[in-house]
Amino acid sequence: MGLLLGAIADDFTGATDLANTLVKGGMRTVQIIGVPEAGSAMPDADAIVVALKSRTAPVADAVAESLAALAWLQKAGVRQVIFKVCSTFDSTDAGNIGPVADALLSALGAPFAPVCPAFPTNGRTVYQGHLFVGAALLNESGMENHPLTPMKDANLVRVMGRQSGGTVGLVPFVTVEAGADATRRAFMGLRERGTRYGIVDAVSDQHLMALGEAAANLPLLVGGSGIAMGLPANFRRDGSLAHGAGADDLPLPAGHAAVVAGSCSRATLAQIGLARDAVPTLELDPLAEPDAAALAARALAWAESRLGAAPIVIAASAMPEKVAALQGKLGRDAAGMLVEHALANIAEGLVARGVRRLVIAGGETSGAVVQRLGVTRLRIGAEIDPGVPWTLAEGQGTPLLLALKSGNFGGRDFFLKAFAMLEPAS
Ligand code: ADP
């Protein structure tokens, strides 16, 4: 029925988070990595999320990339646009949220956008315009010490005001609590007074649903993934979105199964520990062999006779002492690069040997592997654990299922659960 919703996300995992929310709402969603090339084929989907790396880029670059993504989405015919930012509103007084939002509004010829990073399920709520992380105000949550985007003010009306060329108002709790009609009237009131942004209070999913319904006819929304929760229902209400069953269906390519892990987060280490007892598991020792090509050759030789329908696990992941030892030997950046390079080689080798179901553990590791495999489009499938869906790499030669898990996500049984989900129910 044609494309309905387009999103521009300021980072990769944020894009997947939003895409996952849309799929759960019944919209078939494709994530595109980087600004799509002009003239590239349009995916068959209800929603497209363009994943940029613009959160901490220079302002002018973030604006230019976001506008290029918008131009592509407009050409694709989207009816509404989300600018997806972090649920902790990661930015500085220079940007990039304000300047990018200003540029998108201007390009869309729109005077007003609601702004709301709330994600109550993860403890991010907005009350009287103040962003909370759990029980703490944003500026007392640890985010005030973030190395790149220290958040020293929890009042989003002020934060957005400093970043934007326009004025910023508040749609307070009492209004959102009263429901979608009251919220819509508040949007109209702000717009008539010439206010460019309305920070919207939301402390529950019900508030996000009211926000979404009230925003049905607005060209742009700015927020975290929660801001999308109420949008699929709008399209369903006006008849442009079919009932959502099957939005997460993916074709199931036949082939071998594998996990490649580079995350040293506690959750990933526990997941490897559990998998070790159940499936063939190889733990690499980059300290003993600090050579990416040699590590990859050893891993692929080990994998050769073990590949099959049951997964194998290849991990560089190590406890903090071991990581510190490698960093001490090579330097922090070189240590990370060495391991990422080795794991990208291994992933590439596994795919060449017939792996078609691949779980990658680690945010940076996922980035390195996706880049090496030349993956630019991911169709989003069913959620394995909160925030981590199966995806289908589209557009290249061999169809490949990928699950990209940021380090701390997923329960202990994540690796086994991911592959078990793909088996036909017996
Ligand atoms: P997470 O999502 O848990 O932060 P990432 O993949 O983003 O995981 O980051 C983990 C980093 O640690 C990567 O750069 C990876 O190459 C590096 N790494 C993995 N194993 C080791 C190791 N044994 N020694 C040193 N660095 C490692």
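Key figures
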item	result
Per-pair calculated FRET efficiency, R0 = 41 Å: Gln206 and Asp333 via Cβ, rounded to 0.05	0.35
Angle between the chain longest axis and helix 205-214 axis [Cα atoms, degrees, rounded to 10]	60
Nearest-ten-degree value, helix 320-330 long axis tilted from longest Cα axis of the chain	80
Semi-axes of the equivalent ellipsoid for the range 162-229, Cα gyration tensor, largest first, Å	18, 13, 11
Links that overshoot a 23 Å alpha carbon limit, given the list Lys152/Lys405; Lys53/Lys322; Lys84/Lys152; Lys84/Lys417; Lys53/Lys329; Lys152/Lys322	Lys152/Lys405; Lys53/Lys322; Lys84/Lys417; Lys53/Lys329; Lys152/Lys322
Computed lengthening from Glu321 to Ala294, 0.36 nm per intervening residue step minus Cα-Cα distance	7.4 nm
Modelled label reach - Ala76, point 7 Å along Cα→Cβ, the range 387-426 residues with backbone N closer than 18 Å	391-396
Positive-end extreme of charge dipole, the chain - chosen from Gly14, Thr281, Met151 (charges on Cβ)	Gly14
Charge dipole (debye, nearest 20) of the chain; +1 at Cβ of Lys and Arg, -1 at Cβ of Asp and Glu	360
Most mobile of Met151, Met27, Met337 in a GNM of the chain (Cα contacts under 10 Å)	Met337
CD proxy at 222 nm, helix term only [per DSSP H run n ≥ 4: -39500 (n - 2.57); per residue of the chain; nearest 500]	-11500 deg cm²/dmol
Cα-based helix-to-principal-axis angle, 12-24 vs the chain, degrees rounded to 10	70
Order of Glu213, Glu65 - criterion: other Cβ atoms within 10 Å of each residue's Cβ, fewest first	Glu213, Glu65
Net charge dipole size for the range 256-420 [Lys, Arg +1 and Asp, Glu -1 on Cβ; Debye, nearest 20]	280
Ratio of the Cα radius of gyration of the chain to 2.2 N^0.38 Å, where N counts its residues	1.00
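Every number here is computed from the coordinates shown, using simple stated rules; none is lab data. Computed from a predicted model, the values in this text were never measured in an experiment. Glycine gets a Cβ as well: all are built from the backbone with ideal geometry, and neighbour counts include every protein chain shown.
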